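Rule-based calculations on the coordinates, nothing more; no lab input. Nothing here was measured: the structure is a model prediction, and the numbers come from that model. Methodologically, a virtual Cβ is constructed for each residue, glycine included, from the backbone with ideal geometry; neighbour enumeration extends over all protein chains shown.
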């Protein structure tokens, strides 16, 4: 079921993004599909046009998946695209990794390092945002979906 | 590379379409591997920056078409699947797309803030190309009928950071009828029609096994129905690009001829400027005479551009 978030719910999401990452504004409509998954749509179809479309056909997706609400804590875990879309606004909870770590990360493996951070953090390698991880004392848990993982670390430089 | 073995009946048809010299070139080129072509996803990175990054990896990058710097060829011999395994691909900085497949969007020339329908959208190469040219503005409705194909479409749109698109799952003809009832009309429509795929033998040799003339006949009927329905939901002065990846005149000029006869003074076929060598549409096939204006269509043959085979026609709705 597609739920176009009204202003109040959008503001609640924005306030979480602000608190977690320093994000100040969202350009476009936020849409929830299911309980946790958040999508960003910035086409110019109005809410009414979307509802009319839903009446006549099956809408599979609108816009892009930018993140999910992380159930245990209510934090928002941004997807790779989520971090890329907000790349110029993310100012907090960023952890920069090196080349070797980026290969391990993109293979979907956790990083066994101390970050000094706790909770959901944005992972960055040079100019590239690589989604979010969950930092605990000695490691960063990985959420890279299988379809986006590097299958061989020999390929990239 | 696996040898491509087209059926003798298919080769006979190609002989009728081409001169002897062209046919020999065609037979040779289909046995050669395709170029490694990619399209920079300008929603995420500039062509200059991507080129620099890929060259740092040791890849030899060329940009064959000056007016389209986002289109690149990787000149190195790569391992199978290597293009799809790079970090730049996983991060959505480029899309692996065959050169000929990029031509329908070059012809359509989507603009910012337009409302566009991509009726048979999966796997999303052309939808992502459109979104990129529209800078994620306007709205694209990307439809496909098959759920598995939609999953691939959704995953490609996500990887490429496409935010202006609504994915619908419906039968193409039925969806157009529903839009007509709601009076929803589009600035532009891409009808990249389901086809026999004769032009894709180099990348998909199994097409040779599946090829048969009866399928072509039934596809031709479907393509005409699809065209008829899409034309009805175009705004006045709206444009539609009809494309296929096949050489079969039944699926190409015959459909265009049908469109010109069906919509008479409401439709205008447009000349297309494409950055490759194109042959004009044929006006005669198997005792059928087509409208002279089918010459404005573009036939793209593998031997002319070292690409796959393709067909593009562009129309404008006059009234």
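Overview of results
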{"quantity": "Distance from the stretch B:197-234 to the stretch B:1-69 (C-alpha centre basis), Å", "calculated": "21"}
{"quantity": "Kirkwood Rh in Å, taken over all unlike Cα pairs in the protein assembly as shown", "calculated": "23.8"}
{"quantity": "Rounded to 10°, Cα long-axis angle of helix A:47-56 versus longest principal axis of chain A", "calculated": "80"}
{"quantity": "Inter-chain shielding of B:153-166 (mean C-beta neighbours from other protein chains, 10 Å cut-off)", "calculated": "6"}
{"quantity": "For chain B, built as a Gaussian network whose Cα springs stay under 10 Å, the top-fluctuating residue of B:264, B:15, B:185", "calculated": "B:264"}
{"quantity": "DSSP-defined antiparallel bridges as percent of all bridges, chain B, nearest 5", "calculated": "60"}
{"quantity": "Compactness of the stretch B:35-97 - radius of gyration and Dmax, Cα, Å", "calculated": "10.4, 30"}
{"quantity": "The stretch A:1-91: Cα Rg divided by the 2.2 N^0.38 Å rule of thumb", "calculated": "1.08"}
{"quantity": "Full-stretch length increase - residue B:15, residue B:273 - with 0.36 nm per residue and alpha-carbon distance subtracted", "calculated": "90.2 nm"}
{"quantity": "Extension reserve of the residue B:212-residue B:49 stretch, reckoned as 0.36 nm per residue once the Cα distance is removed", "calculated": "54.1 nm"}
{"quantity": "Shielding by other protein chains, B:145-152, mean Cβ within 10 Å", "calculated": "1"}
{"quantity": "Helix A:7-21 vs. chain A, principal-axis angle (Cα, 0 to 90°, nearest 10)", "calculated": "10"}
{"quantity": "Share of alpha-carbon pairs per 5 Å distance bin for the stretch A:1-46, given as whole %", "calculated": "5, 21, 30, 27, 13, 3"}
{"quantity": "Considering only the stretch B:179-319, percent of DSSP beta bridges that pair antiparallel, nearest 5", "calculated": "75"}
{"quantity": "Theoretical gain in end-to-end length, residue B:203 to residue B:73 [0.36 nm per residue, Cα-Cα removed]", "calculated": "45.2 nm"}
{"quantity": "The stretch A:93-157 - share of DSSP beta bridges that are antiparallel (%, nearest 5)", "calculated": "75"}
{"quantity": "Per-residue [θ]222 nm for chain B (sum of -39500 (n - 2.57) over DSSP H runs n ≥ 4, rounded to 500)", "calculated": "-10500 deg cm²/dmol"}
{"quantity": "Efficiency of FRET between residue A:69 and residue A:136 - r from beta-carbon atoms, R0 22 angstrom, step 0.05", "calculated": "0.70"}
{"quantity": "Cβ neighbours within 10 Å from other chains - mean over B:80-92", "calculated": "5"}
{"quantity": "q = 0.06, 0.14, 0.16 Å⁻¹, chain B: log10 I(q)/I(0) [Debye, one scatterer per Cα]", "calculated": "-0.19, -1.13, -1.47"}
{"quantity": "Among B:273, B:214, B:306: highest mean-square fluctuation, GNM of chain B, C-alpha pairs under 10 Å", "calculated": "B:214"}
{"quantity": "Residue of B:265, B:304, B:187 that the Gaussian network model of chain B assigns the largest fluctuation, springs spanning Cα pairs under 10 Å", "calculated": "B:265"}
{"quantity": "Cα centroid of the stretch B:82-122 to Cα centroid of the stretch B:263-318, whole Å", "calculated": "22"}
{"quantity": "Hull-based mean projected area of the stretch A:93-157, where the convex hull spans the alpha carbons, in square nanometres", "calculated": "4.0"}
